[in-house]
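As structure tokens, the structure follows; a few thoughts come after it.
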Amino acid sequence: MSQQTIDFTLNGVPTRVSVPVQMSALEMIRNVTGLTGTKYGCGEGECGACTILLDGVSLNSCLLVAVECDGRHVTTVEGLAADPLGLRIEKAFVEAGAVQCVFCTPGMVIQARQLLEQQPHPTREQIQRGIEGNLCRCTGYVKIVDAIESASKE
Ligand code: FES
Ligand code: FES
């Protein structure tokens, strides 16, 4: 399979990798750069476990070809460690008990960040709509919505 070298910014760090042209951005993030916070769930755009920000917009990295990241800014859950809004959301998830098996959490937190950036004070209904592409098998969503609502009020 042919390889392509791409240059992009990963969580604020200039990054160069050589990847097979068919590789997904999710595989590149997990297996080439070694950042395993972003999860592989369905691989089909259905669960949101693989959500990242590409130039500040959330999307499913399993459906994105890695070479599309060339010249772009990619943010994964690890990158939120340096982000005040991301940290506030993560803290709210822990405090609200919105974290159980943790599998959905990285994607949820990234998606919540996108939501609160666009709508700093969303209603509960807007929060539910904002995370409808992210599946959680454990929490029943109520605590996740509580957490995002709490983060929006700080
Ligand atoms: Fe990407 Fe499920 S792994 S949406
Ligand atoms: Fe387990 Fe959401 S906490 S899938």
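Pairs under 7 Å by beta carbon, first residue at pLDDT below 95 in the stretch 1-18, partner open to solvent by 60 Å² or more (accessible area, probe 1.4 Å), six or more apart or different chains?
Pairs that qualify, where the first residue is at pLDDT below 95 and the partner is open to solvent by 60 Å² or more (accessible area, probe 1.4 Å), are 1/22.
So, restricting to strands (runs of 3 or more DSSP E) that lie completely within the stretch 44-154, which ones have at least 3 residues that are open to solvent by 30 Å² or more (accessible area, probe 1.4 Å)?
57-60
When residue 78 is evaluated against the numbered criteria (1) charged (D, E, K, R); (2) within 15 Å of ligand 2 (Cβ to nearest atom); (3) touching a Gly at 6+ places or on another chain (Cβ under 8 Å), which criterion, by number, is the only one it fails?
Among (1) charged (D, E, K, R); (2) within 15 Å of ligand 2 (Cβ to nearest atom); (3) touching a Gly at 6+ places or on another chain (Cβ under 8 Å), residue 78 violates only (2).
Hey, can you tell me all the residues within the stretch 42-59 that are under 10 Å from the mean Cα position of the chain (by Cα) and within 16 Å of ligand 2 (Cβ to nearest atom)?
48, 49, 50, 51
For residues in the stretch 15-36 being closer than 13 Å to residue 76 by Cβ and touching a Leu at 6+ places or on another chain (Cβ under 9 Å), which is farthest from ligand 1 (Cβ to nearest atom)?
Within the stretch 15-36, the match that is farthest from ligand 1 (Cβ to nearest atom) is 33.
The values are calculated or read from the model by the stated rules, or taken from the named source; none is laboratory data. Here the structure is a predicted model, which means the values were calculated and not measured. Here Cβ is always computed from backbone atoms with ideal geometry, including for glycine, and neighbour counts include all displayed protein chains. Surface areas here come from the heavy atoms of the whole protein model, side chains and all, with no ligands, DNA or RNA. Shrake-Rupley method; radii C 1.70, N 1.55, O 1.52, S 1.80 Å.
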